[in-house]
Each structure stands twice: as C-alpha cells, then as structure tokens.
Amino acid sequence: MKQDFLTGEELGAFELDKLLDRAQELKAGRRDGVGGEKLAGRSIALVFEKPSTRTRISFEVAVAELGGTPIVLRGDELQLSRGESISDTARVLSRYVDAIVIRSGSHEAVSELAASAEVPVVNALTPLHHPCQALADLLTLRERFGDLQGLRLAYVGDGNNVARSLAIAGELAQMEVVVAAPAGYQLEEGHGAKLTDDPRAAVSGADAIYTDVWVSMGDEAEAERRRADLTPFQVDADLLAAAKDSAVVLHCLPAHPGEEITEEVLYGSQSAVWDQAENRLHTQKALLATLLSD
Ligand code: CP
Ligand code: NVA
C-alpha cells in the first residue's frame, strides 16, 4: 500500500520520531554522502502551482542528494492547466515517477490527486496544510531542546495552514501547542492545540514562539484588512520577553519584518529560523526515504 503525506496525520507518533531520527542521521552524514543511494533509479515529480523558494529548492536538492532524479514542473506546464483532469494526470504521472510532491492552491485537488495516484503524494503546501514545514520545525526544536515531549510552543498570528500543521505534528510529539489569533483568524478546534486570543497568555512559559505571514498565498485581496486585524499579534521584543529566557523564535519564512515579526526579533540571538529553513532539506530527505522504502 502506498503511503501519502497530505496532513501529517498519516504518521503515528512512533513513525514521526523515527523520521526525525533519520533526518538527524542524514544531516550529520550529509557531507559524507549518507543516504546517497536511497532513491537510486527513482524519479520524483515536484509540481509547483504556486511560488516557492525553500520547499522547491530543498526538495530538488533532497532528491538529487539521495541519488534520484527530481522533475520540477510548474502548474502551467502541464495539460492540467488546459483542462486535463486531476485524476488522469495522477494516473499518467504514476506510470513515470515514484512519487509526486505538489504545492497547490486547492487542498481538495491534492487529495483528489492522491486518491487517483498509484505512487505516494506529498503535500508541499495547500491553503489548509503545510506538513513538510512542521517536520522541519520539530527537528529544529529537537536540536535545541532534545526531547519534544512537554515543550510549549506558542503560535501567534494567523491561524493558517502552518498553524494547523504545527498543531497536528505537535500533538503527535506530545507537545503543548497554543495558538493565539484574533477572532476570525483562529484555527478550528480539534487538532489538540489550545486556542486563545491573548498573545501574552500564549507565550507565558513558552519554549518557542512561532509566527507566519499575515497574508498567505491566496489571501492577497484581503491584505489590508488582515494587516489591520493582526497588528496586535506582532512578535516583538516585548512579547518575546514574556516567554522563557531560553525560548527560541521560529518562522517558516518568507518573513515580512515590521509586520508579523520585528527585524530585531527575526535577526536576534533567539531566532532559529535559518536552521529551521535548512532543516526542510533533511526532514524531506527522511520523508522521501520513509515513503519510498521497500
Ligand atoms: N516555508 C516555505 O514553505 O517557504 P517557500 O514558500 O519558499 O517554499
Ligand atoms: N502561510 C503561508 C506559508 C508560506 C510558506 C502561505 O500559505 O502562503
């Protein structure tokens, strides 16, 4: 049975832990070529219907370093853009490649692709979920704190795809995830996260503060209203001071300094965002190796 990775819920706690172990091994052995044969003879389609810097480059490098062939496709290069159905696209791609990684403006489209594909499908971001990001976030926290269990992570800002994926992955890792967002931007109940509209209460006792853009891809028409509504949720030095002294700051990037995070915090000594960005590579290698293991 092929295994997809669409929301992160596909992984059990044990599998998630193993995947993070594997990511750490791949990271430590990267320059010695560890994992270099894992995808030998395999090809992976990387379909990007939306812009991407980190996800696209880290997946392309990940596949290449594992000895596979990455095939990067923009949505407008496929007959999909001229009306070929998602299910036919899935059937055909399955005859050529060993896995499909896709970033799309529609979560339903990615689910439909996965339902018709005979090979694993990986969600590289939809408006609802960004599970690959959450894997890198957990690896970054593991590197900083060791055990994830019991860590308190405060997500402050828009209760979006990144927040949802963190809540899901955090629950698997037995972390305490608190999402602070204003009314109208809050995550729905049911992912194991605590929800509040008070950023200070959220960050109190937190080991990590996380934020993301206020205007996600697809939200551009609401940009002005979003910036106004989310201003009280900016992560600044004052808010950071209300967390533990040992707290780290996370952001999936791209950042908009002066909006969701101040320049001082983004580039400050507690920021772990560059390690977090690097860890996309190592966790995605581990994910592909896991999904494609015989
Ligand atoms: N964090 C993240 O997914 O970045 P990109 O949009 O650049 O891929
Ligand atoms: N929430 C953002 C994440 C970008 C990596 C978006 O969906 O655009």
I'd like to check something: does the stretch 74-83 contain any residue that is within 16 Å of ligand 1 (Cβ to nearest atom) and either surrounded by 22 or more Cβ atoms within 10 Å (Cβ to Cβ) or of a type outside the set (Ser, Thr, Tyr) (or both)?
yes
Can you name the residue in the stretch 12-54 that is in a loop (DSSP other than H, G, I, E, B) and β-branched (Val, Ile, Thr) and is also surrounded by the fewest Cβ atoms within 10 Å (Cβ to Cβ) among such residues?
Thr53
Hey, Glu118 touching a residue at least 24 places away in the same chain (Cβ under 8 Å) and out of contact with any strand residue (DSSP E or B) (no Cβ under 9 Å at 6 or more places or on another chain) or not
yes
Take residues that are within 18 Å of Ala277 (Cβ to Cβ) and tell me which of the helices (runs of 4 or more DSSP H) falling wholly in the stretch 55-159 contain 3 or more.
131-145
Specify the residue that is farthest from Arg152 (Cα to Cα); the eligible residues are those in the stretch 245-276 that are within 18 Å of the chain's Cα centre (by Cα) and more than 16 Å from ligand 2 (Cβ to nearest atom).
Asp275
In the stretch 240-278, anything of a type in the set (A, V, I, L, M, F, W, C) and touching a strand residue (DSSP E or B) at 6+ places or on another chain (Cβ under 7 Å) is listed as Leu240, Ala243, Ala247, Val248, Val249, Leu250, Ala255, Ile261, Val265, Leu266, Ala272, Val273
Restricting to the stretch 277-286, what's the tally of residues that are within 14 Å of ligand 2 (Cβ to nearest atom) and either over 14 Å from Pro131 (Cα atoms) or surrounded by fewer than 24 Cβ atoms within 10 Å (Cβ to Cβ) (or both)?
1
Going through the stretch 168-211 one residue at a time, which ones are more than 21 Å from Asp229 (Cβ to Cβ), small (Gly, Ala, Ser) and in a loop (DSSP other than H, G, I, E, B)?
Ala173, Gly190, Gly192, Ser204, Gly205, Ala206
Looking at Ser165, Ser216, can you tell me which residue is part of a loop (DSSP other than H, G, I, E, B), in contact with a helix residue (DSSP H, G or I) (Cβ under 9 Å, 6 or more places away or on another chain) and touching a residue at least 60 places away in the same chain (Cβ under 8 Å)?
Ser216
Can you tell me how many residues within the stretch 245-276 are surrounded by 15 or more Cβ atoms within 10 Å (Cβ to Cβ) and either charged (D, E, K, R) or part of a helix (DSSP H, G or I) (or both)?
7
For the stretch 119-147, which residues satisfy the criterion of being more than 16 Å from ligand 2 (Cβ to nearest atom), of a type in the set (A, V, I, L, M, F, W, C) and closer than 20 Å to Gln284 by Cα?
Val119, Val121, Leu138, Leu139, Leu141
Residue among Ser94, Ser111, Ser116, Ser104 that alone is surrounded by fewer than 24 Cβ atoms within 10 Å (Cβ to Cβ), more than 21 Å from Ala286 (Cα to Cα), within 13 Å of ligand 2 (Cβ to nearest atom) and of a type outside the set (D, E, K, R)
Ser104
Starting from the stretch 235-259, keep only residues that are without any contact (Cβ under 8 Å) to a residue 12 or more places away in the chain, then list their pairs with residues that are within 16 Å of ligand 1 (Cβ to nearest atom) whose Cβ atoms are within a distance under 7 Å, requiring at least 6 positions of separation or different chains.
Pro257/Leu266
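Readers should treat all values here as calculations from the given coordinates under stated rules, not as data from a laboratory. Keep in mind it's a predicted model, so treat the numbers as computed, not measured. Using ideal geometry, Cβ is built from the backbone for each residue, glycine included, and neighbour counts are taken over all protein chains shown.
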